[in-house]
Structures are given as C-alpha cells and as structure tokens.
1. If the cut-off is a Cα-Cα distance under 29 Å, which lysines reach Lys214, setting aside same-chain residues fewer than 8 apart in sequence?
2. In degrees, nearest 10, range 0 to 90: what is the angle between the Cα axis of helix 305-314 and the longest Cα principal axis of the chain?
3. Can you tell me what share of the DSSP beta bridges in the chain is antiparallel? A percent to the nearest 5 is fine.
4. Mind ordering 227-237, 150-160 by average Cβ neighbours within 10 Å, highest first?
5. Helix-only estimate, please: 222 nm mean residue ellipticity of the chain, summing -39500 (n - 2.57) across DSSP H runs of length 4 or more and dividing by its residues, to the nearest 500.
6. Nothing charged except the Cβ atoms of Lys and Arg (+1) and of Asp and Glu (-1): what's the magnitude of the dipole of the range 171-265 about its Cα centre? Round to the nearest 20 debye.
7. If the only charges are +1 at each Lys and Arg Cβ and -1 at each Asp and Glu Cβ, what is the size of the charge dipole of the range 100-245 around the Cα centre, to the nearest 20 debye?
8. Give me the aspartates and glutamates in straight-line cross-link reach of Lys33: C-alpha distance below 14 Å, same-chain residues under 8 apart excluded.
Amino acid sequence: MDERVIGRSGQRASVVGLGTWQLGADWGDVDDKEAQAVLEAAVESGVTFFDTADVYGDGRSEQTIAAFLRGRPELDIFVATKMGRRVDQIPENYVLDNFRAWNDRSRRNLGVDRLDLVQLHCPPTPVYSTDEVFDALDTLVAEERIAHYGVSVETCEEALTAISRPGVASVQIILNPFRMKPLHEVLPAAEKAGVGIIARVPLASGLLSGKYTKDTVFPANDHRTYNRHGESFDQGETFSGVDYESGVEAAVEFAALTPEGFTPAQLALRWIIQQPGVTTVIPGARSPEQARANAAAAALPQLSEDTLAAVRDLYDRRIKDQVESRW
C-alpha cells in the first residue's frame, strides 16, 4: 500500500490506516478475539498506521493494540493515540502535570517507553490558542515521552489555529463526502505548512456504506443511538452531524454513484484519498472482512472527474446546509 509522510513528523503512514475506537467501546460489543482478527486483517492488507485514544474503552483499545503488537514484533506499525478526555472539558485541565499522568497511562497501556504520536483529543477551543499548552507538549518531546504531537479537532477554525503552531505534526479532522468544508482552507493550509492530515469519521459513522435504512436500530451502547443528537459529546462525531433520516436518503443517492468494482464505502474512502493534502484516512472495522475491504480502497482506480462532480453536487444539494455553519 502507498504510504505518505505524516507532516512534520517525517514518519510515514499507509494511505488507509485503521481507526480503533470500535475496539474499545461505543460501537456495540467487539470481543477480544474479533478485535485481534481485525488488527491482523488490517496489517495483512498493508495498513501501517493505527489510531487510538486513552478513553476508548477506558484504555482497552490501547491495550488491545499492545497485545497484538507483542505477538508480531516484526511489524513496523506507527501508533497514534490521543489524550485529554479523561477530565472535565475546561482549559484549566490542559496542563503539564495532567499531560504527564495521561502519557504515563498510555505508555503503560501500549507497552512502550515513547509514544509515536500523541494528539490532543478535541479539547476546548481556547486550548488551541494557549502557549502554555504547546510548551507542555514540547516538554513531553524533550523528556522523550513522545516523539511527536498533533491535535484532533471538531472545527475548521480549530484546525487552522493548530496548523499555525510550529510543533504540530498533524491535524486529525472529520473529512468525508458528507463533510467537505475542510477542503476550502484547512487542507491547503496544512499542505503549505507541512502538517499531516488524518481524515477521521470517513464513512460518516457508516452512513456512507449504504447499509442502513430509516428503520435500522443500533445497540443501546452504540454512540449512533445515545449521541445521535449530541447528548454525550459533539454531535458532529455521530453521522458527521448529519440528520439521520435525511442522511439515509442522501446515502442512497451516494451509493448510486458507485463505480463498477467499488462498494459505496470504498467510493467514500477513495474520494478522501484523492484530496490534496490528505496523509491517511482511518476507517474503523468491526470485522476482518471490513478491514480488508477498507484497505482495498487504496488500490482502486482514481475517481473520474464526472464522479467527483456528482459527489460534490450531492453534498451541495443535500448536506452542506446542515453541517458547514457548525463545523
């Protein structure tokens, strides 16, 4: 699989990585055996980048990755984790002492002395403008606790603020055919600054797979049930902030644009991979079959100009007004 440089880190990541939120929690239940099988299928398919967080299953996702990599010491996998969601979401909690404590926990969970990449996990907006926060992150690098740092953001404005910081290696942001606003300013700014872009929520929480109907029922412990209207965290994390019923209707139109030899999910992933400035896209997978299918999108032909134009038209007609004013 092709690899691209993760911005200022100088390290490389497969163009399709693996998001591992679902291996921890909030997507229904994935048992340990199935989780290991997902990781195995991903690396067999050429994936060299895993994304996790310290709060995914209260550390379960990090521990699952560590267990897998202990059994496969020959692998060269770049693991990005996140920190900052273990406390009340107020700027005052983003201080060096907390960073060290969270870092210690993630290093134990992942079984490493130094973390490859640590990202602030969608912190309060003022954090991105606070010099002391980034001084603290620089301290973690100097102490060799982390090799590089980046941010995961909710809004384009947060991304642009982070990109201006000289030590930020990467920005993780929601980008998919139902969330196109980052194309306007964020991706060009990141490319100019040499900052990597990690595209998250690439399938709009599964909407873009074309598998759901208005009658689909998700488990009670799945965020697509309990956070559908932003009850627990930012609504943009669930279905990219798109209203579920109208999103299902738009997904039917999206599926109809799928070229021969693609699935709708692969169309979405291929669309993201083709956007200038994107480093890697991190779909999740609940089964080995999903992991393999996601990775296969990297080898599919480039989308035609006609397909790209049709995807844009669908977004402009059905989605844009729902999401661009908020994120």
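Just so you know, all these numbers are worked out from the coordinates, no wet-lab data involved. Please read all numbers here as calculations on a predicted model, not as lab measurements. Heads up, the Cβs are rebuilt from the backbone with ideal geometry, glycines too, and the neighbour counts pull from every protein chain shown.
1. Straight-line reach from Lys214, under 29 Å: Lys181, Lys320.
2. Orientation of helix 305-314: about 90 degrees from the principal axis.
3. Rounded to the nearest five, the antiparallel share is 15 percent.
4. 150-160, 227-237
5. About -10500 deg cm²/dmol.
6. Its charge dipole is roughly 220 debye.
7. The dipole magnitude comes to about 440 debye.
8. Excluding near neighbours in sequence, the set is empty.
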